[in-house]
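Student: Sharing a structure with you now.
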Amino acid sequence: MDSPLDARAWLRCYRCWSTNLEVQVHYEGIHRIDPDTGERAEVVDELQEAVVQCLDCMHDQPHLAFAAGRVEPIEDRWERMIAGTPWVASCTVQVDVDEVETCSGPDAGDALSYAAFGDPGTREFFTHVRFHTHDDEEHITVHLLVELYARSAEEATGVLEEAARGLLSITSLAEESRPPASAGSDHR
Ligand SMILES: [Zn+2]
């Protein structure tokens with residue numbers, strides 16, 4: 001097959017197309033105990049977090065979700081990420097001060113990335129905060145370099161616009177070459 005977009009096209013690493021994946025599942029649960037059998041019974045509270053990772057290039061796979069024992073594609077994301085190429089944007093996002101949990105210390109990068117682009121900013125894109133400025137008492141401008149996967153410049157711009165949680169300004173947007181496909185992949 002020439003195209004990666006055949007059956008199960010999504011069940012592979014978005015960067016190197018390897019099908020050598022693993023999932024790390026963290027589960028925390030509180031359960032009632034059945035008074036007769038001692039078995040773990042109904043759930044009082046539970047929290048499950050799962051990260052799918054490629055064993056060939058070791059990158060996380062934000063186009064895949066883990067639920068009910070199997071990996072599934074994230075519909076508005078997987079085709080763009082599997083078929084796309086990396087785009088690097090230099091941009092700024094101006095956000096309300098209230099949106100930024102902290103702008104100093106070891107968590108500042110993540111907090112500013114999240115304030116600028118929400119969940120995609122910390123989970124999908126590679127986001128590097130270059131610096132930030134306090135424009136006035138109510139606004140912070142975050143200056144970032146962002147790498148994301150898209151099939152065209154228009155699509156990359158659209159994804160950034162949709163994710164931005166404040167006023168977005170893109171200074172430059174350039175296409176990078178795709179990392180080489182994994183030799184262990186069944187894709188040719
Ligand atoms: Zn990979």
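Student: Criterion first (among the acidic types (Asp, Glu), assigned to a strand (DSSP E or B) and within 30 Å of VAL159 (Cβ to Cβ)) does GLU42 satisfy it?
Tutor: Answer is no for this residue.
Student: Checking PRO4 against (1) modelled with pLDDT under 90; (2) within 15 Å of the ligand (Cβ to nearest atom); (3) not in a loop (DSSP other than H, G, I, E, B), only one condition comes out false. Which one?
Tutor: (3)
Student: In the stretch 62-77, how many residues are more than 16 Å from the ligand (Cβ to nearest atom) and among the aliphatic types (A, V, I, L, M)?
Tutor: Residues that pass the stated criteria total 4.
Student: Tell me which residues, restricted to the stretch 61-97, are farther than 23 Å from PRO179 by Cβ, acidic (Asp, Glu) and touching a residue at least 12 places away in the same chain (Cβ under 8 Å).
Tutor: The one that is farther than 23 Å from PRO179 by Cβ, acidic (Asp, Glu) and touching a residue at least 12 places away in the same chain (Cβ under 8 Å): ASP96.
Student: Search the stretch 9-38 for residues that are polar (S, T, N, Q) and pair each with any residue that is away from the ligand (no atom under 14 Å from the Cβ) and not in a strand (DSSP E or B) when their beta-carbon atoms are under 9 Å apart and the residues are at least 6 apart or on different chains.
Tutor: These pairs meet every condition: THR19/ARG8.
Student: Tell me the residue from THR19, THR37 that is in a loop (DSSP other than H, G, I, E, B), β-branched (Val, Ile, Thr) and more than 16 Å from the ligand (Cβ to nearest atom), please.
Tutor: Answer to the selection: THR37.
Student: Take the stretch 40-61 and flag every residue that is more than 16 Å from the ligand (Cβ to nearest atom) and either within 23 Å of GLU147 (Cα to Cα) or in contact with a Lys or Arg (Cβ under 9 Å, 6 or more places away or on another chain) (or both).
Tutor: ARG40, ALA41, GLU42, VAL43, VAL44, ALA50
Student: Kindly indicate which of SER113, SER182, SER177 is surrounded by 18 or more Cβ atoms within 10 Å (Cβ to Cβ), within 16 Å of the ligand (Cβ to nearest atom), among the small types (Gly, Ala, Ser) and closer than 30 Å to CYS16 by Cβ.
Tutor: Unique residue meeting the criteria: SER182.
Student: Among the residues of the stretch 132-150, are any modelled with pLDDT of 95 or more, under 20 Å from the mean Cα position of the chain (by Cα) and surrounded by fewer than 12 Cβ atoms within 10 Å (Cβ to Cβ)?
Tutor: No: zero hits.
The values are calculated or read from the model by the stated rules, or taken from the named source; none is laboratory data. In this text the structure is predicted, and so the values were computed from the model without any measurement. We place every Cβ from the backbone using ideal geometry, glycine too, and count neighbours over all the protein chains shown.
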